[in-house]
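Everything on this sheet refers to the single structure shown next.
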Amino acid sequence: MPRISRLILAIATVIASLALPFVASAPAHAAAGTVRWETRVSDRILDLGISSPNLEGPDWSVKVVRLLLPPGWTKESTRSWPTVWVLHGGFDDHKSWTDKGNLEALTAGKNAIFVLPETSWCSAYSDWYNDGHGGPPAWEKYLLDDVRTILETTYHANTTRAVAGNSMGGLGAMKFAAEYQGWFKSAASFSGNVDPLHDSGAPGEPDKPGQGCAADWKRVWGDYATHRDIWVANNPYSQAAKLTNIPLFVSYGKGDSVESLVYEQNYRFVDKLQQLGAQVDERYVPAQGHNWDAWKVQMQNALPMLLSSIGV
């Protein structure tokens, strides 16, 4: 090809490439959540309706995230605040810690955003296995990609976080702290389902989280007989070695039939944590039941540690 022809072809190629639209590569964990509405419930309570393809249901079902706001917070604020994520248990939702747990009063005047997300009665705070197909509900992706990103880009949350929860929420709190090392400065569990696999030797068969909302329990982590690796990855007791670098709070009792089962998991969990050298504040109260009277008291006991860990 003559030199002039090659030059014309090269120029034409450059011009053509400049005319193509620029497509930015998406981040590895791009958030997909959308805030559909906001409701100011009170001076301190802001509810967000968030939809996401990580939620199960038609047209991306909307779940609510309740925020307990710190003094001076407005949408126009120029500063940010650390967060304490407070996860609900089965048969509860985003309202439970304010309606039943006295959290608004317990946290009055604290310079942190308290994040109370709604999941489902049997979310297990996990991305469900769904017979190997994955897909929704993907609760981890929803909370820690979608909700977290929305809060940290739009609602003045910063990247300093702590996490706590009751019952199934205790599973979620310890699971997240172990799986996402460095994301949470401390973790607290109140009557937590911290060993659903019974890997510790706790009596009985493994717990079946899907049954809390009449789902097929094998959708959550698969069958423990054939997918033990998934159960182990989601089981706080099995992941205890990943919890040794942050302060922990674990409360439990055996004051009723449900809490007696919790006792069998939690004392073994605490023993393992202590053997591994973890910093764990254990609150064993024999008469404590699996109820909000206990969880209110234990949240009050845990708050100084949770807040201190995030600099509040």
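For first residues located in the range 194-214 and under 21 Å from D93 (Cβ atoms), partners that are among the hydrophobic types (A, V, I, L, M, F, W, C) and open to solvent by 60 Å² or more (accessible area, probe 1.4 Å) and lie 6+ apart or on another chain with Cβ distances below 8 Å form the pairs G212/F91; G212/W121; C213/W121. When C213 is tested against the conditions (1) crowded, with 19+ Cβ neighbours inside 10 Å; (2) modelled with pLDDT under 95, the lone failure is (1).
When residues in the range 208-230 are screened for being touching a Pro at 6+ places or on another chain (Cβ under 7 Å) and either under 20 Å from A187 (Cβ atoms) or of a type in the set (K, R) (or both), 1 of them pass.
Residues checked against (1) open to solvent by 10 Å² or more (accessible area, probe 1.4 Å); (2) assigned to a strand (DSSP E or B); (3) more than 25 Å from D47 (Cβ to Cβ); (4) of a type outside the set (D, E):
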{"position": "A162", "(1), (2), (3), (4)": "no, yes, no, yes"}
{"position": "G172", "(1), (2), (3), (4)": "no, no, no, yes"}
{"position": "G192", "(1), (2), (3), (4)": "no, no, yes, yes"}
{"position": "D195", "(1), (2), (3), (4)": "no, no, yes, no"}
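Restricting attention to the range 48-98 and to residues that are without any contact (Cβ under 8 Å) to a residue 40 or more places away in the chain, touching a Ser or Thr at 6+ places or on another chain (Cβ under 6 Å) and outside any loop (DSSP other than H, G, I, E, B), the residue that is most open to solvent (accessible area, probe 1.4 Å) turns out to be V62.
Scanning the range 115-140 for residues that are surrounded by fewer than 19 Cβ atoms within 10 Å (Cβ to Cβ), of a type in the set (A, V, I, L, M, F, W, C) and not in a loop (DSSP other than H, G, I, E, B) yields nothing. For the range 146-160, indicate whether the set of residues that are under 24 Å from I246 (Cα atoms), basic (K, R), open to solvent by 10 Å² or more (accessible area, probe 1.4 Å) and touching a Leu at 6+ places or on another chain (Cβ under 9 Å) is non-empty. So far as the range 146-160 goes, no, none of its residues is under 24 Å from I246 (Cα atoms), basic (K, R), open to solvent by 10 Å² or more (accessible area, probe 1.4 Å) and touching a Leu at 6+ places or on another chain (Cβ under 9 Å).
The values are calculated or read from the model by the stated rules, or taken from the named source; none is laboratory data. Only a predicted model underlies this, so the values are computations on that prediction, with no experimental measurement involved. Every residue, glycine as well, gets a Cβ built from its backbone with ideal geometry; the counts of neighbours run over all protein chains shown. Ligands, DNA and RNA are stripped out before the accessible areas are found, and what is left, the full protein with its side chains, is counted by its heavy atoms. Shrake-Rupley method; radii C 1.70, N 1.55, O 1.52, S 1.80 Å.
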